[in-house]
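Peer 1: Once you've had a glance at the structure underneath, I'll fire off some questions.
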Amino acid sequence: MQFLENFSPELTIASPGRINFIGEHTDYNMGYVLPTAIGNTITFKLQKNGSETQCNIHSIGYDGFSLDLKNIAISKTEWENYVLGVLNEISKLTDKVKGFDCTIESNLPLGSGLSSSAAMECGLAYGLNKLFDLGLSKITIVELSQRAEHSYVGTQCGIMDQFASVMSKQGNVILLDCQSLQYQHIPIDINPYKIIMLNTKVSHNLASSEYNTRRKECEEGVVIMKKENPQINTLRDVTRKILEASKNQMSTTVYNRCSFIIDENKRVHKMVAAFKKNDLKEVGALLYEAHEGIRDLYEVSCPQSDFLVEFAKDNAMVLGARQTGGGFGGCTLNIVHETEVDNFRKTAEIAYKKEFDIDLEAFEVQPSGGTMVIQN
Ligand code: GLA
């Protein structure tokens, strides 16, 4: 793109992906989650270009595109909608954004369940907030980014990813109540264990429509249970007793979805307690337990993720594993003893290649800080 010839960015922003220890699909059910940002980020370099409405975006490794702030509409090119959706949401809050040039570079594997979407949305919103002095709070950035995902990308996501991308603190996980948005940073030390991600390389393209279906199934469960229990508004309010009493009025699928969410919310609190006691065996056991629910009750796993979790179970130096993120592929999260990391990686790569003929990608992550300015 032409602007690249004279590009001298005023601002560089790093916006991270995230992992979630536990609490999957609980966010849009107004429950609890336990995510943290990781060191893999998307980097945005930005400059004002002096024009009123002309913006030029160049994504390194992808194409670029230009847009007019007066004519923002959904694009047929999927990734452009992250940019357009954010601009559309910001335009509802302020008219201070003017023409800008931007390059985007990612070291976050896309479509791998590490929330590259939220990193895109939040990084751009954060950058524009600084560049044009918009005065948006961090929580406004989180919420407008989530709305951008709903309206322009089409995934009716919860708030976890955007929240984790912006609000994380190095060395901590975030215990977030997705109903009140109250949160607590909880320091974690898993020494001598490491967090090893195994990327199935199964990209969750199907995920958006299936994701929205899961959300509807949960809502269906709430409607059924609300008849006898008018105090219920979301699955957050549903106890096991209420669910069992309504079991006969719902399909097995809806029952299973609700059942998973009730257990998963409990697992979040159990894992927080385990982290506080430094009981890493319990942390690991909860990961394995959660994966069973992800596979059998919520049905958002895939053979590749299941294979890698079973593979981890055969290794006594791995405390626990599960698929992380929205599902249908992406990464498994593994808690692996530091002395075993190399061997675990190598043996997993070999076994995975043999089973699926796919080159596994393994990498370590650490709880990291949220979206930040790295250069002014
Ligand atoms: C995706 C969504 C999140 C959350 C997870 C599942 O990452 O963006 O809001 O629902 O799936 O926990």
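Peer 1: Report, by residue number, each residue of the range 1-32 that is among the small types (Gly, Ala, Ser) and within 11 Å of the ligand (Cβ to nearest atom).
Peer 2: Selection gives Gly17, Gly23, Gly31.
Peer 1: Please go through the range 295-324 and pick out each residue that is out of contact with any strand residue (DSSP E or B) (no Cβ under 7 Å at 6 or more places or on another chain) and either on the phi > 0 side of the Ramachandran plot or part of a helix (DSSP H, G or I) (or both).
Peer 2: Arg295, Asp296, Glu299, Pro303, Gln304, Asp306, Phe307, Glu310, Phe311, Lys313
Peer 1: Determine, yes or no, whether Val365 is within 16 Å of the ligand (Cβ to nearest atom) and either in contact with a Leu (Cβ under 7 Å, 6 or more places away or on another chain) or touching a residue at least 12 places away in the same chain (Cβ under 8 Å) (or both).
Peer 2: yes
Peer 1: Which condition number does Met250 fail, the rest of (1) under 26 Å from Ile174 (Cα atoms); (2) in contact (Cβ under 8 Å) with a residue 12 or more places away in the chain being met?
Peer 2: Going through (1) under 26 Å from Ile174 (Cα atoms); (2) in contact (Cβ under 8 Å) with a residue 12 or more places away in the chain one by one, Met250 breaks only (1).
Peer 1: Could you tell me which residue of the range 253-263 is surrounded by the most Cβ atoms within 10 Å (Cβ to Cβ), considering only residues that are of a type in the set (A, V, I, L, M, F, W, C) and within 23 Å of Val173 (Cα to Cα)?
Peer 2: So the residue we want is Ile261.
Table: residues versus (1) touching a residue at least 12 places away in the same chain (Cβ under 8 Å); (2) crowded, with 22+ Cβ neighbours inside 10 Å; (3) farther than 28 Å from Val202 by Cα.
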site: Thr53; (1), (2), (3): yes, no, yes
site: Tyr62; (1), (2), (3): yes, no, no
site: Lys96; (1), (2), (3): yes, no, yes
site: Asp101; (1), (2), (3): yes, yes, yes
site: Ser115; (1), (2), (3): yes, yes, no
site: Ser145; (1), (2), (3): yes, yes, no
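Peer 1: Can I ask one more? Of the residues that sit in the range 101-138 and are acidic (Asp, Glu) and touching a strand residue (DSSP E or B) at 6+ places or on another chain (Cβ under 8 Å), which one is nearest to the ligand (Cβ to nearest atom)?
Peer 2: So the residue we want is Glu105.
Peer 1: Hey, can you tell me all the residues within the range 58-73 that are touching a helix residue (DSSP H, G or I) at 6+ places or on another chain (Cβ under 9 Å) and under 17 Å from Ile90 (Cα atoms)?
Peer 2: Selection gives Leu67, Leu69, Ile72, Ala73.
Peer 1: Sort out which residues of the range 151-162 are more than 9 Å from the ligand (Cβ to nearest atom), in a helix (DSSP H, G or I) and closer than 18 Å to His25 by Cβ, and write them in order of number.
Peer 2: Across the range 151-162, the qualifying residue is only Val153.
Peer 1: From Lys281, Lys276, Lys194, Lys247, which residue is at pLDDT 95 or above, out of contact with any strand residue (DSSP E or B) (no Cβ under 8 Å at 6 or more places or on another chain) and not small (Gly, Ala, Ser)?
Peer 2: None of the others qualify; the one that does is Lys247.
Peer 1: Taking Asp177 as the residue in question, decide whether it is under 12 Å from Pro35 (Cα atoms) and within 13 Å of the ligand (Cβ to nearest atom).
Peer 2: no
Peer 1: So, in the range 50-67, of the ones that are of a type in the set (S, T, N, Q) and in contact with a Ser or Thr (Cβ under 7 Å, 6 or more places away or on another chain), which residue ends up farthest from Glu80 (Cα to Cα)?
Peer 2: My answer is Gln54.
Peer 1: Tally up the residues in the range 264-292 that are crowded, with 18+ Cβ neighbours inside 10 Å and of a type in the set (Asp, Glu), please.
Peer 2: Adding up the residues that qualify gives 1.
Peer 1: In the range 323-340, which residues are of a type in the set (S, T, N, Q), in contact with a helix residue (DSSP H, G or I) (Cβ under 6 Å, 6 or more places away or on another chain) and within 12 Å of the ligand (Cβ to nearest atom)?
Peer 2: Gln323
The values are calculated or read from the model by the stated rules, or taken from the named source; none is laboratory data. Predicted, not measured: the structure shown is a model, and the values here were computed from it. Glycine also receives a Cβ, built like all others from the backbone with ideal geometry; neighbour counts cover every protein chain displayed.
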